[in-house]
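First comes the structure, then the notes that go with it.
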Amino acid sequence: MIDYRNPYTPGTGAMPKYLAGRDDILESASLQLKALAANYQSRSLVLYGLRGVGKTVLLNSIESIAEGEGILVRHIEVEEKKGLIAPLASACCSLSASLNRIELVKGKLEQIKNLFTSLTLSVDAGDGSLSLGFNEEVLGASLASSRNLSGDFTDVLVVLGKYAQAAGSSIFIGIDELQYASKEELEALTCALHRVTQLGLPVMFGCAGLPKLLKMLGEAKTYSERQFSFVKVDPLPRDKAVEAIVKPAQKLDVRYSDEAVDSIIDYTEGYPYFIQGLCSTIWTSSDSKYISLDTVLSCTSITDARLDEGFFSVRYDRCTPRQKEFLIAMVRCGELPCTLANVAYYMGRDVSSIGPLRAQLISKGMIYSAARGEVDFTVPQFDRYLRRTERID
C-alpha cells in the first residue's frame, strides 16, 4: 500500500477528490443557482448519459453549490418499479418543515391558505399563529391514487413555491435515476414545473438519468424542452482523463509513467467510474511512489473481477433467461450499436418476436435505442463483461 489516504473513490456516486472535466457544467449550473437564490427564474436541469459517466457525482456537486447559496435542497432517487411520487412527496414534506421554521413566513400564510386535501393547516391555540405542513402519508397516498396526478402535483408544488417565496427562500430538488419514473409521473412533474415557471416561483429541479430520458420527457409533454436545459454527460476527453488519473496522486507525491497513463485511458475509455476503480486498485496494490506500466497491467484483471462482481453482475442477474439471450446476441453481432435484425438473427427468431424483450430491457435500463432500429448497452464495456463471463467468441 502506497498510503492509507486513497485519493480515488470507486463507489457509485462517490465524490472524487478531484473532479475533472466538468467545469463548464458546474459553472453554468452555478450561475442558474445564483439567480434562483436571488429569486429569479431558473430553468431546471437534466443531466443524461450512460452509466459510469458521473451523472450522480455532478448532481451531488450541483446540490452542494445550491446549499452554498442558501437554497433549501433535497435529493431523491427513483427506484425501479417504485416510482417518483412517494420520494417526491417525502421531499415536499421535509421542505415544508424547513420552511415552517423561517420567521419571515409568519403572518403571510393567508396568501396561500387554499391548500389541496393532502396539506394540513393548523392554528396554535396559544398565540393563534398558523402552521403549514404536508401530511406525508396522506400526500403520498393521495397522489398515487389520484385520477388527475398532474393537477394535484401542480397544486402541491405551487403551494410549496409560494410558501418558499413568502419565506424569502428558494428550493432545489435533485432527482436521480429519473428514467424509472412512469410517463404519468413525468407528465405531472413537467406540468407542475410549467406552472411554477409561469408564476415565477423560486423552485428548480436538477434531474439525472439514462439517454432514454430525453424521449420519455418529450413523449410526456411536448413542451418539456422549454422547461429543462438538457446536458449530455460524456466520457472524459483524453486531457481531462489524464487530470483525473494524475492530479489526485500528485498531492500525495505519487507519479505515473506516461505509458501507465496511456494504459489506464485505454482500459477505462475515459469513463470516470472505471478510472476511479482501476486507479483505486493500483493505489492499494502498489508500494511504490512511481506507477509503471507493469503495475497497471497487473491490476487490470483484479479490477475486471471487482467490476464483474459489483458493477456488471448486479444488473445482469436481474435479467430473465430470455433477456440474457437478447444481450448475448447483441455481443455476437460484433459491433455496437447493433441492429435489431442482427440481434434477431443471432437469436434465431423473427424481428417482430423480440420487440417485447427490447422494450423490457430498455425499461430495466440495460439498453437504449441508439438510433432507429438499433440498440446499445447503457452500461459501458458490458460487452467485455459478457465475453469474459459467457465465453462469447
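The values are calculated or read from the model by the stated rules, or taken from the named source; none is laboratory data. Since we're looking at a predicted model, the values are computed, not measured. FYI the Cβ positions are ideal-geometry reconstructions off the backbone, even for glycines, and counts take in every protein chain you see. With ligands, DNA and RNA removed, areas are computed over all heavy atoms of the protein, side chains included. Shrake-Rupley method; radii C 1.70, N 1.55, O 1.52, S 1.80 Å.
Counting only C-alpha contacts under 8 Å and six or more residues apart, can you give the relative contact order of the range 229-346 as a whole percent?
Here the relative contact order equals 21 percent.
With loop defined by DSSP as not H, G, I, E or B, and exposure as at most 15 other Cβ atoms within 10 Å, which is the longest segment of the chain clear of exposed GluC sites (Glu not before Pro)?
The longest such stretch corresponds to 81-268.
May I ask you to derive the FRET efficiency for residue 82 and residue 15 from their Cβ-Cβ distance with R0 = 30 Å, giving the value to the nearest 0.05?
Efficiency for this residue pair is about 0.75.
Estimate the FRET efficiency between residue 215 and residue 360 by the formula 1/(1 + (r/R0)^6), using the beta-carbon distance for r and 22 Å for R0, to the nearest 0.05.
0.85
What is the mean projected area of the alpha carbon convex hull for the chain, to one decimal in square nanometres?
Approximately 22.0 nm², given one-decimal rounding.
Using a 1.4 Å probe and ignoring any ligands, DNA or RNA, find the accessible area of residue 301 and quote it in Å² to the nearest 10.
70 Å²
If you take every DSSP beta bridge fully contained in the chain, what fraction is antiparallel? Give it as a percent rounded to 5. Can you show the working numbers first?
Details: 12 of 34 bridges.
The antiparallel proportion sits near 35 percent.
Relative to the longest principal axis of the chain, what angle (0 to 90°, nearest 10) does the C-alpha long axis of helix 55-68 take?
The helix 55-68 is inclined about 40 degrees to the chain.
Give the separation of the Cα centroids, the range 233-255 to the range 39-67, in Å.
Here the two parts' Cα centres lie 21 Å apart.
Measure out, as a whole number of angstrom, how far apart the alpha-carbon centroids of the range 322-393 and the range 199-224 sit.
28 Å
Quick one: Cα centre-to-centre distance for the range 256-303 and the range 13-34, in angstrom?
25 Å
In degrees, nearest 10, range 0 to 90: what is the angle between the Cα axis of helix 136-145 and the longest Cα principal axis of the chain?
Here the helix axis deviates by roughly 80 degrees.
Under a GNM of the chain (C-alpha, springs under 10 Å), which listed residue has the highest mean-square fluctuation: 262, 304, 24?
Of the options given, 24 has the highest mean-square fluctuation.
Which angle from 0 to 90°, rounded to the nearest 10, does the C-alpha axis of helix 85-99 make with the longest principal axis of the chain?
The helix 85-99 is inclined about 50 degrees to the chain.
Check which residues have an amide H placed less than 5 Å from residue 174's amide H, if you skip close sequence neighbours.
74, 75, 76, 206
Only loop residues by DSSP count here, and only those with at most 10 other Cβ atoms within 10 Å; note down the trypsin sites (Lys or Arg not before Pro) in the range 55-92 that meet that. Mind dumping the intermediate values first?
Numbers: sites: 55, 74, 81, 82; in loops: 81, 82.
Filter output for the range 55-92: 81.
List the residues whose amide H sits under 5 Å from the amide H of residue 233, counting only those 5 or more places along or on another chain, with H placed 1.01 Å from N in the peptide plane.
Result for residue 233 returns 48, 49.
With 19 Å as the limit, write out which pairs from 17/55; 17/240; 55/82; 55/212; 81/232; 34/212 have Cα-Cα distances beyond it, or answer none. It would help to have the intermediate numbers written out before the result.
Working: 17/55 16 Å; 17/240 14 Å; 55/82 21 Å; 55/212 14 Å; 81/232 25 Å; 34/212 30 Å.
Flagged as over cut-off: 55/82; 81/232; 34/212.
What is the chain's relative contact order, in percent, from Cα pairs under 8 angstrom and six or more apart in sequence?
Over the chain, the number comes to 21 percent.
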